[in-house]
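Okay, structure first, notes after.
The values are calculated or read from the model by the stated rules, or taken from the named source; none is laboratory data. Values in this document were obtained by computation on a predicted structure and should not be read as measured data. Note that each Cβ is placed from the backbone with ideal geometry, even for glycine, and that neighbours are counted across all protein chains shown. Keep in mind that these areas ignore ligands, DNA and RNA; they rest on the heavy atoms of the full protein, side chains included. Shrake-Rupley method; radii C 1.70, N 1.55, O 1.52, S 1.80 Å.
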Amino acid sequence: MNHVPARSSGRSTTRARLRAALIAAVAGVAAVGTTVALAPNASAATTLGASAAQTGRYFGTAVAANKLSDSAYTTILNREFNQVTPENEMKIDATEPQQGVFTYGNADRIVAHARSQGMKVRGHTLAWHSQQPGWMQNMSGSALRSAMLNHVTQVATHFRGQVAWWDVVNEAFADGGTGARRDSNLQRTGNDWIEAAFRAADAADPNAQLCYNDYNIDNWNDAKTQAVYRMVQDFKSRGVPIDCVGLQSHFTGGSNYPSNYRTTLSSFAALGVDVHITELDIRNAPSDAYRNVVNDCLAVARCKGITVWGIRDSDSWRSGESPLLFDGGGNKKAAYDAVLTALNNGGTTTPPTTTPPTTTPTTTTPPTTPPPGNAACVATVRLDSWTGGFVANVTVTAGASSLSGWTVGLTLPAGAAITNTWSAQPSGTSGAVTFRNVSYNGSVAAGTSTTFGFQGTGVGPSATPICSAS
């Protein structure tokens, strides 16, 4: 058995706490199917980013703002990579150290450097149980939910148009064999907190790709991997805005990575989301393991790129394990040559053929009680609010008879406006608004429910909505 040293999503060595987790090294079910070879380029690229770009991918690295003044560091950064992820500078404690007081200096510095070099930026991370400032650690319930949504909105808005991908939510599932959510202060605000964060990020930065990011979801057979898969499957089925899944992929010991890694990548991709390898590092940087990871990404069309978590071994949160592609002196290691060769060879593209799990995904629809008497339907609203905005999730419950269609009417307070609606068609964006069902949720059996939602600016509605059959 291989044990992965735990981490807090790329924090520096001095701030990291070790988290033990199991990586299985047994052979898994390999993806099979027709393989289409990609022809190598006539003239091989000589850097990682340029080589990855030949197949429409990126090869990136985590960047620390305080190292941008190190010319040896920036020389390698600028030469080799075409994507960057701020290591700590966009996390909650860095961007909102005091509630309502936002500081972006170091994050802005990284973004400006990346954009000046033509590199794409990954925003990391908007909502996370760890590296919360003290004021957030001491909050709970609706106050914490509102503060989290406000943080997501403010930070995503600040970087709107500058970030290609957001790690909207980070590490929300527990280790072990249960597939349960992590017991965190954010989870205790309600099981729909992840969905609420994604909807807030979508409203704040609608052109960015929105990702869920986690560690130890590399092995397809693990309960944690399956749980994340079911969440993404559920989100896609209900129109929750999720575009990608990030596998951190911190590998160590033995065979270094699970033999069914490609199956995991292709299975997530089959849900209609992109996959990203977001924080790759491997103990002692074995060439074969690095080569295999690259080939697995190249074999899945929706694997959009790889980010290594640091440039030189001395920059790594695992510096004592020499896990990166450059040694402490900035020299290329054998693993670098293996990665560059694999990228230049182009790999193969294998259609995903993995059978998805049969477990029904868990939804976040709250329990409801059928309305009394002969009422056609009733509607109830759950409101998540923050300064300047809100998300409303509406549950429509049929009465004694089934519905073939429904409408819900409500009035928004003065100054409020709808910016986004899902699973319903609104008649307007302000004042008195009527929501009508869409094609897939108009039929509601007696006593059962369906849901829709909307997001807006200003203050959310407080009056009871009026539901009627249509």
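Numbers below:
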item	result
Elements of type strands (runs of 3 or more DSSP E) in segment 344-419, at least 2 residues being hydrophobic (A, V, I, L, M, F, W, C) and modelled with pLDDT of 90 or more	377-386, 406-411
1 or more residues open to solvent by 10 Å² or more (accessible area, probe 1.4 Å) and either in contact with a helix residue (DSSP H, G or I) (Cβ under 9 Å, 6 or more places away or on another chain) or in contact (Cβ under 8 Å) with a residue 12 or more places away in the chain (or both): qualifying strands (runs of 3 or more DSSP E) within segment 237-338	274-282, 303-308
In segment 199-231, the residues that are assigned to a helix (DSSP H, G or I), under 26 Å from Gln154 (Cβ atoms) and open to solvent by less than 10 Å² (accessible area, probe 1.4 Å)	Arg199, Ala200, Ala201, Ala204
Among the candidates Asp234, Asp218, residue that is more than 23 Å from Thr307 (Cα to Cα), more than 14 Å from the chain's Cα centre (by Cα) and of a type in the set (Asp, Glu)	Asp234
Residue satisfying all of: in segment 446-470; farther than 18 Å from Asn150 by Cα, assigned to a loop (DSSP other than H, G, I, E, B) and β-branched (Val, Ile, Thr); most open to solvent (accessible area, probe 1.4 Å) among these	Thr464
